[in-house]
Amino acid sequence: MKIRESGMPEEGMWADFFNPGKILEKLGLSSSTGNVVDFGCGYGTFSIAAARMVSGHVYAIDIDAEMIAVTTKEAQQANLDNLQTVLRDFMKEGTGLADGSIDYVMLFNILHAEQPELLLNEACRILAPKGKLAVIHWNYDPTTPRGPSMEIRPRPEQCQAWAEDAGFQLLPPGLIDLPPYHYGMLFERIPSGDA
């Protein structure tokens, strides 16, 4: 099931919105990070950048075969043998990854889904204790050139509340400004028994 209002803009326009490497650094990704999952990888903008940075594998998952083809081609051209693309409806079927097998999850521009708790619960399931969850979304501002309609666009405090309900705690510095149009937050999975 595709997430509502999830269509991608033209690739060049999309690339102009982000400096993926710098954003991932701001969100705590580094060479010491192990396995990473990108829910809804799109053009692979962040999957490719993550695969260049981390010591583990990157799983780039998307429901759209065209997005998977683009990401696969980009990974091959960049000789990234640690990136695996996965064509999968993770809203219906989950990721298919083992419990506690992932160190870092990216939920970028996706929490406007009909059931964001499904995504956050799946992220919590696959993350190792103290694993990291990075969230990016469009600013709650109707003047952004893209993004979901304001009726379904989550505010940062909504994303934080959903993440906390799923078993995460927000890490300092809290809300991270990602100009020109986004905000980010980094969470840590609370180990079972510590909640």
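The values are calculated or read from the model by the stated rules, or taken from the named source; none is laboratory data. Nothing here was measured: the structure is a model prediction, and the numbers come from that model. All Cβ positions, even for glycine, are placed from backbone atoms using ideal geometry, and neighbour counts span all protein chains on display.
Key figures
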read-out	value
Selection within region 112-135 - closer than 13 Å to Asp38 by Cα and among the aliphatic types (A, V, I, L, M)	Leu119, Leu120, Ala123, Ile126, Leu127, Leu133, Ala134, Val135
Within region 106-144, tally of residues that are of a type outside the set (A, V, I, L, M), within 17 Å of Gly184 (Cα to Cα) and not in a loop (DSSP other than H, G, I, E, B)	6
Subset of region 182-195 [of a type in the set (Ser, Thr, Tyr) and in contact (Cβ under 8 Å) with a residue 60 or more places away in the chain]	Ser192
Unique match (being under 20 Å from Cys41 (Cβ atoms) and touching a Cys at 6+ places or on another chain (Cβ under 8 Å)) among Leu111, Leu127, Leu178, Leu120	Leu111
Filter pass, Pro179 being without any contact (Cβ under 8 Å) to a residue 24 or more places away in the chain and surrounded by fewer than 19 Cβ atoms within 10 Å (Cβ to Cβ)	yes
Top-ranked residue in region 98-130 [being within 21 Å of Tyr183 (Cα to Cα) and among the small types (Gly, Ala, Ser); ranked as surrounded by the fewest Cβ atoms within 10 Å (Cβ to Cβ)]	Ala113
Flag if Ala49 is crowded, with 16+ Cβ neighbours inside 10 Å, modelled with pLDDT of 95 or more, of a type in the set (A, V, I, L, M) and out of contact with any strand residue (DSSP E or B) (no Cβ under 8 Å at 6 or more places or on another chain)	yes
Per-region count, region 18-64, residues assigned to a loop (DSSP other than H, G, I, E, B), under 24 Å from Pro145 (Cα atoms) and in contact with a helix residue (DSSP H, G or I) (Cβ under 7 Å, 6 or more places away or on another chain)	5
Test for Asp103: is it over 26 Å from Pro172 (Cβ atoms) and modelled with pLDDT of 95 or more	no
Close pairs (8 angstrom Cβ cut-off, 6 or more residues apart or separate chains): exposed (fewer than 15 other Cβ atoms within 10 Å of the Cβ) in region 67-90, modelled with pLDDT under 95 and not β-branched (Val, Ile, Thr) anywhere	Asp89/Met1
